[in-house]
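Step one of this worksheet: look at the structure below.
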Amino acid sequence: MAAGSSEAPGGPATPAGYAALEREAAIYPDASRRVFRVLGDEDRALRALNGLVTADVLARDGDEAIPTLILTPKGKVLADAVVVRAGNELLLDVPAAAWDDLEAHFSRYLPPKFARLEPSELRVVRIRGPLALERERTDLELTRLDGPQYTAQEGSRWSATRFRDGVATRPPEGYDLYLPPDAVLGLGLPEASDDAWEIFRVESGIPVYG
């Protein structure tokens, strides 16, 4: 039997955490993402980013997370990204696999006098499953986050907030948390393996870079 899986007699192996993702809730530490702090005056930094992405990150109303795409000047997609504004923090969440191209792109098109990207140790932890949204009330002690919104003019916008351990956002499928390495959630949820997450991601229609 493969590590990180369970197998019923005569049945196929089930990746660890998949049943929880499908029926209840599980956490998934997503090591495929890198999170950067955006430094500089917030308004000037957002204006600089706004010229490089597809979403309108200037049309904001309080703390929020904005999923978007990063484009070349000719419109080629370099990567997906999430711009997160929560309290006094401005974060940029991008695929780790795209960073080489993004680093060259930002060094050319993101003026450091307007915005600077500082690598952070924040990790992305996803909470997914049919009961994932209950974790806001019972475990995370978050101020209630509104559901995701979409308009043709502004695109998708997710609510965001700071909480005791980091930053939380609410995409359509559950919660995404931005946490320091030493944060302990204590949610009592099983952790999904990479194989379990990949099955769940494909079944849920969640795109991934590349």
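If each DSSP helix of 4+ residues adds -39,500 (n - 2.57) and the sum is divided by the residues in the chain, what number results at 222 nm, nearest 500 deg cm²/dmol? It would help to have the intermediate numbers written out before the result.
On the way: 4 runs with 37 residues, N = 210.
Dividing the helical sum by the residues of the chain leaves -5000 deg cm²/dmol.
Please state the charge dipole magnitude for the chain, taken about the Cα centre, from unit charges on C-beta atoms (+1 on K and R, -1 on D and E), reported in debye and rounded to the nearest 20. Spell out each step's value before the answer.
Details: 24 positive and 34 negative charges, 136 e Å.
I would put it at about 660 debye.
Compute the acute angle (0 to 90°) between the alpha-carbon long axis of helix 99-109 and the principal axis of greatest extent of the alpha-carbon atoms of the chain; round to the nearest 10°.
Computed tilt is about 20 degrees.
For residue 53, tell me the accessible area in Å² from a 1.4 Å probe, rounded to the nearest 10.
Around 20 Å² of this residue is reachable by solvent.
Using only Cα atoms and rounding to the nearest 10 degrees, what angle (0 to 90) does helix 194-204 make with the longest principal axis of the chain?
Once rounded, one gets 70 degrees.
Out of residues 5 or more away from residue 34 or on other chains, whose amide H comes under 5 Å of its own, with H placed 1.01 Å from N in the peptide plane?
Residues meeting the criterion, in which the H sits 1.01 Å from N, are 94, 96.
Share of the chain's accessible area from carbon and sulfur, percent, 1.4 Å?
Working: 5370 of 11080 Å².
Carbon and sulfur together cover 49 percent of it.
Calculate one ³J(HN,Hα) per residue across the stretch 150-155 by plugging θ = phi - 60° into the Karplus curve 6.51 cos²θ - 1.76 cosθ + 1.60, and present them in order as whole Hz with x for glycine and proline.
9, 9, 5, 7, 10, x
Using the Cα centre of the stretch 6-79 as origin and beta-carbon charges of +1 (Lys, Arg) and -1 (Asp, Glu), tell me which of 13, 40, 77 is placed farthest towards the positive end of the dipole.
So the residue we want is 77.
At a probe radius of 1.4 Å, what is the per-residue accessible area of residue 56, in Å² to the nearest 10?
Residue 56 has an accessible surface of roughly 60 Å² with all protein chains in place.
Compute the orientation-averaged projected area for the chain from the convex hull of its Cα atoms and round it to one decimal in nm².
Working: hull surface 50.7 nm².
With the hull built on Cα positions only, its mean projection is 12.7 nm².
Starting at the first residue of the stretch 33-45, write each ³J(HN,Hα) from the Karplus equation 6.51 cos²θ - 1.76 cosθ + 1.60 with θ = phi - 60°, in whole Hz, x for Gly and Pro.
Whole-Hz 3J(HN,Hα) from phi for the stretch 33-45: 10, 10, 10, 10, 8, 9, 9, x, 4, 4, 5, 5, 5.
Mean separation of Cα pairs under 8 Å and 6+ residues apart, divided by the residue count of the stretch 68-171: what relative contact order is that in percent?
On the way: 98 pairs, mean separation 17.7, N = 104.
It comes to 17 percent, rounded to a whole number.
Under 5 Å between amide H atoms, partner at least 5 residues away or on a different chain: which partners does residue 160 have, H built in plane at 1.01 Å?
Residues meeting the amide H criterion: 64, 65.
Hey, what did the chain get for relative contact order, percent, Cα under 8 Å, at least 6 apart? Numbers along the way, then the final one.
Details: 404 pairs, mean separation 59.4, N = 210.
Value for the chain: 28 percent.
List, in order, the whole-Hz ³J(HN,Hα) value for each residue of the stretch 116-121 obtained from phi through the Karplus relation with A = 6.51, B = -1.76, C = 1.60 and θ = phi - 60°; use x for Gly and Pro.
Once rounded to whole Hz, the list reads 10, 9, 10, x, 10, 8.
Provide 66, 206 ordered by accessible surface of protein heavy atoms (probe 1.4 Å), highest first. Provide the component values of the computation, followed by the final result.
Working: 66 5, 206 30 Å².
The ranking, largest first, comes out as 206, 66.
The values are calculated or read from the model by the stated rules, or taken from the named source; none is laboratory data. Bear in mind that the values here come from a model prediction, so they are computed numbers and not experimental data. Glycine also receives a Cβ, built like all others from the backbone with ideal geometry; neighbour counts cover every protein chain displayed. Just the protein is used for accessible areas: all its heavy atoms, side chains included, with ligands, DNA and RNA removed. Shrake-Rupley method; radii C 1.70, N 1.55, O 1.52, S 1.80 Å.
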